[in-house]
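The values are calculated or read from the model by the stated rules, or taken from the named source; none is laboratory data. The model shown is predicted, which means the values in this text are computed figures rather than measured ones. Cβ coordinates were reconstructed from backbone atoms using ideal geometry, including for glycine residues, and neighbour counts include every protein chain displayed.
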Amino acid sequence: MPIDATLPYDDQNIFAKILRGEIPNNTVYEDEWALAFRDINPQAPVHVLVIPRGAYVSWDDFSANGSDSEIAGFVRAVGKVARDLDLVESGYRLLANIGIDSHQEVPHLHVHLFGGKPLGPMLAR
């Protein structure tokens, strides 16, 4: 069910539980700012979710309320994951769904990182 990204942060969402260690994940990268793990329903040969450690629902929430260190650390983590997974030369796609119209399903900011094959057009009509 899509999420209304204007609602307050729900600390019982699945990514909050993963960050607390209550739910296992297949971690590919972690540091003080971010956690990256393989998606349980991959849509490409490489499909990793990168999430900030802070309690943010969306990009607008994160950009307005995150510290400069959190924002820089998260953006750097996304790039590091792409490099670590050898996706830079062949290319990759980043996707962040925010709110109901984009079909955001988890109310915690997250970036999907796709790669490992030609990904086709950005949006189907």
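The set of residues from region 22-49 being aliphatic (A, V, I, L, M), assigned to a loop (DSSP other than H, G, I, E, B) and within 19 Å of residue 86 (Cβ to Cβ) comprises just one member, 44.
Which one of 16, 5, 36 is at pLDDT below 95, buried (at least 17 other Cβ atoms within 10 Å of the Cβ) and either out of contact with any Lys or Arg (no Cβ under 7 Å at 6 or more places or on another chain) or under 27 Å from residue 68 (Cβ atoms) (or both)? Give the steps one after another, and end with the answer.
On the way: 16 fails: at pLDDT below 95; 36 fails: at pLDDT below 95.
Going through 16, 5, 36 in turn, just one is at pLDDT below 95, buried (at least 17 other Cβ atoms within 10 Å of the Cβ) and either out of contact with any Lys or Arg (no Cβ under 7 Å at 6 or more places or on another chain) or under 27 Å from residue 68 (Cβ atoms) (or both): 5.
Beta carbons closer than 8 Å, at least 6 apart along the sequence or on distinct chains, pair a first residue in region 62-77 that is touching a residue at least 12 places away in the same chain (Cβ under 8 Å) and in a helix (DSSP H, G or I) with a second that is among the hydroxyl-bearing types (Ser, Thr, Tyr) and surrounded by 15 or more Cβ atoms within 10 Å (Cβ to Cβ) for 62/56; 77/29. Per this entry, residue 99 is not counted among residues that are at pLDDT 95 or above, under 23 Å from residue 18 (Cβ atoms) and either in a loop (DSSP other than H, G, I, E, B) or within 14 Å of the chain's Cα centre (by Cα) (or both). Residue check: residue 44 meets all listed conditions (1) over 14 Å from the mean Cα position of the chain (by Cα); (2) touching a residue at least 60 places away in the same chain (Cβ under 8 Å); (3) under 22 Å from residue 7 (Cα atoms) but one, namely (3).
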